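Before any comments, here is the structure.
Just so you know, all these numbers are worked out from the coordinates, no wet-lab data involved. For clarity, every value in this text was computed on a predicted model and none was experimentally measured. Using ideal geometry, Cβ is built from the backbone for each residue, glycine included, and neighbour counts are taken over all protein chains shown.
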Amino acid sequence: LKGAFLCCRRALPAMVRNCCGRIINIASIWGLRGASCESAYAASKGGLIALSRSLAAEMGPSGINVNVIAPGPVETDMLLQELDCDERTALTEDIPLGRLASPDDVASACLFLLSPAASYINGQVLVLDGGWKV
């Protein structure tokens, strides 16, 4: 949370001078829902969502869009080390799209939010979880 705050604080003056900019913060589905045994993590991601929404309201008049991507399970080295094969299979079976997100899925969501097609999207949380927590 502190890193995102400091990064935004550093980038925003140039964006304000140019009357445009896009900020995308990466949170987690747990920032919206909370998670058992993950209270500090969920709280930090929830804080990032609140920071981003506040910045969206504050910076929108300066032409700056601020949004959040909140991924569910992403197939990363960390997740693969944390879960054994049976746990990954069970998790995947709980996701309506039948697979974990890939890092490319997260990157594609970022590219969309940076595109002209997303110019009117501001202060939103894009949940990227394959329907897992519908």
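Before moving on, here are some points about what is shown:
- The modelled label-to-label distance for the pair ALA43/PHE112, using points 7 Å beyond Cα in the direction of Cβ, is 3.2 nm.
- Across the stretch 1-117, the relative contact order, built from alpha-carbon pairs under 8 Å that are at least six residues apart, equals 26 percent.
- Centroid-to-centroid separation of the stretch 120-134 and the stretch 22-97 [C-alpha atoms, Å]: 9 Å
- Value of [θ]222 nm, deg cm²/dmol, for the chain, DSSP H segments ≥ 4, -39500 (n - 2.57) each, nearest 500: -16000 deg cm²/dmol
- Helix axis angle, 85-94 relative to the chain longest principal axis, alpha carbon, degrees: 60 degrees
- Set of the stretch 44-82 residues, backbone N closer than 15 Å to the point 7 Å along the Cα-Cβ line of ARG99: 73-76
- Inverse of mean 1/r across different Cα pairs in the chain, Kirkwood, Å: 15.8 Å
- Each other residue within a Cβ distance under 13 Å of TYR41 adds +1 if Lys or Arg and -1 if Asp or Glu, for a net charge of 0.
- Cβ-placed point charges (K, R +1; D, E -1), dipole of the chain about Cα centre in debye, nearest 20: 980 debye
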